[in-house]
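Q: Take this structure first; my questions come after.
The values are calculated or read from the model by the stated rules, or taken from the named source; none is laboratory data. The model shown is predicted, which means the values in this text are computed figures rather than measured ones. Note that each Cβ is placed from the backbone with ideal geometry, even for glycine, and that neighbours are counted across all protein chains shown.
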Amino acid sequence: MMMNTRLSAGACKQVQLPSMNFAQKSSFRMEPALPLPPPTSTTSFFRSRKKEKVVFVVGPTGTGKSRLAIDLATRFPAEVVNCDKMQVYEGLEIATNKVTDGECRGVPHHLLGVVPDPLADFTADDFCRHASFLTESILARDRLPIVAGGSNSFVEALVNHDVDFRSRYEFCFLWVDVALPVLYAFISDRVDRMVRAGLVEEVRAVFDPTDRDYTRGIRRAIGVPELDEYFRSGGRNAALLEAAIEQIKENTCILASRQLKKIQRLNSQWNWSMHRVDATEVFLRRSGSAESDEIWEEIVSGPSTAIVDQFLHRELDLVSTAMAVEEIKAAVGIPLPAMAAAGLTR
């Protein structure tokens, strides 16, 4: 039973993809089924560059990646592409922590709950193919693609191993970080909230007593295998439930630690020049309080907005300068080399 809480609501509306046949990948074609609002007059600069721009929001689970991505998408004409490998599947909204309609604040999201087969193998290659299509589609609408999620293997495949994607786009990486001891405490509280929101009932609905394989599809999501023994015992043993919940917390903390190490490795190995945004102070305040929201704006959302704004307009400044030089050259009839020699192009 889904309780009346923000954690239990469905994922926000998005451009829907047609049914995916992962056994016949070459036959897949993606076309938006729903029209998106037309771009505003202030967004035309997204298509005016030689190399299009894409923003990535990365970080361990629970650090606020989705919140930041949505904040940015309300300040720039943007759309969010999910890169969480469990959130691409339909169902288990609570267990996979999909953003809710209210949390989306009207921002279009993509690759959320689009794989109907819970046992399908949605690979990094699948993600690269779909993310490439979506990036091109979003830019064609004069909007900014923001790729956000915790599956760093997907991000690495797209940015480092997809040669075409790397050659076509320029990237800005925002890394939302929280000190691990503080994050671990938050994760523990979040799991408790998920349980109150109906996590156990949600997983019970998809429990299959004939299947002990938790290595495929959405069955890999943290919260599903941990509850197996509890359900097999009849689903009434309080001690087994408590042990399962503690295992969910522990495994989520392990995931957060692994994700952090992966981000650190990617940053040093590939020189991604990430902008690290430390949100620890926010998590030390009571979640949802006015003070917490103010600090989030001050140390996370505000600085990130400034970083993205500079990233988007950096090339425009150079182009404007070059255009101004060309206009002066045409007006006075001075060849560009002569202007440079005279110091007029500095």
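Q: Looking at Val195, Val203, Val182 in this structure, which one is free of Cβ contacts under 8 Å to residues at least 60 places away in the same chain and in a helix (DSSP H, G or I)? Write out each step before concluding.
A: Values: Val203 fails: free of Cβ contacts under 8 Å to residues at least 60 places away in the same chain; Val182 fails: free of Cβ contacts under 8 Å to residues at least 60 places away in the same chain.
Criteria check complete, one pass: Val195.
Q: Let me ask something additional. Is it the case that Ile254 is closer than 18 Å to Pro60 by Cα, exposed (fewer than 14 other Cβ atoms within 10 Å of the Cβ) and not hydroxyl-bearing (Ser, Thr, Tyr)?
A: Against the criterion (closer than 18 Å to Pro60 by Cα, exposed (fewer than 14 other Cβ atoms within 10 Å of the Cβ) and not hydroxyl-bearing (Ser, Thr, Tyr)), Ile254 qualifies.
Q: Within the stretch 201-229, track down each residue that is crowded, with 19+ Cβ neighbours inside 10 Å and among the hydrophobic types (A, V, I, L, M, F, W, C).
A: If the condition is that a residue be crowded, with 19+ Cβ neighbours inside 10 Å and among the hydrophobic types (A, V, I, L, M, F, W, C), then Val203, Ile218, Ala221, Ile222, Val224, Leu227 are the ones that fit.
Q: Provide a single number: the residues in the stretch 173-207 that are under 16 Å from Leu255 (Cα atoms) and basic (Lys, Arg).
A: Total meeting the criteria: 1.
Q: Just give me the residues in the stretch 263-280 being touching a Ser or Thr at 6+ places or on another chain (Cβ under 9 Å) and either farther than 16 Å from Ala148 by Cβ or of a type in the set (Phe, Trp, Tyr) (or both), in sequence order.
A: Selection gives Asn267 alone.
Q: So which of Lys98, Lys85 is out of contact with any helix residue (DSSP H, G or I) (no Cβ under 8 Å at 6 or more places or on another chain), in a loop (DSSP other than H, G, I, E, B), buried (at least 21 other Cβ atoms within 10 Å of the Cβ) and at pLDDT 95 or above?
A: Result: Lys98 is the single residue among Lys98, Lys85 that is out of contact with any helix residue (DSSP H, G or I) (no Cβ under 8 Å at 6 or more places or on another chain), in a loop (DSSP other than H, G, I, E, B), buried (at least 21 other Cβ atoms within 10 Å of the Cβ) and at pLDDT 95 or above.
Q: Shifting gears a bit: Residues to consider are Glu242, Glu250, Glu226; find the one that is over 26 Å from the mean Cα position of the chain (by Cα) and either of a type outside the set (Asp, Glu) or outside any loop (DSSP other than H, G, I, E, B) (or both).
A: Glu242
Q: Next question. Mind telling me which of the residues Ser304, Ser320, Ser273, Ser287 ends up being in a helix (DSSP H, G or I), out of contact with any Asp or Glu (no Cβ under 7 Å at 6 or more places or on another chain) and at pLDDT 70 or above?
A: The conditions single out Ser304.
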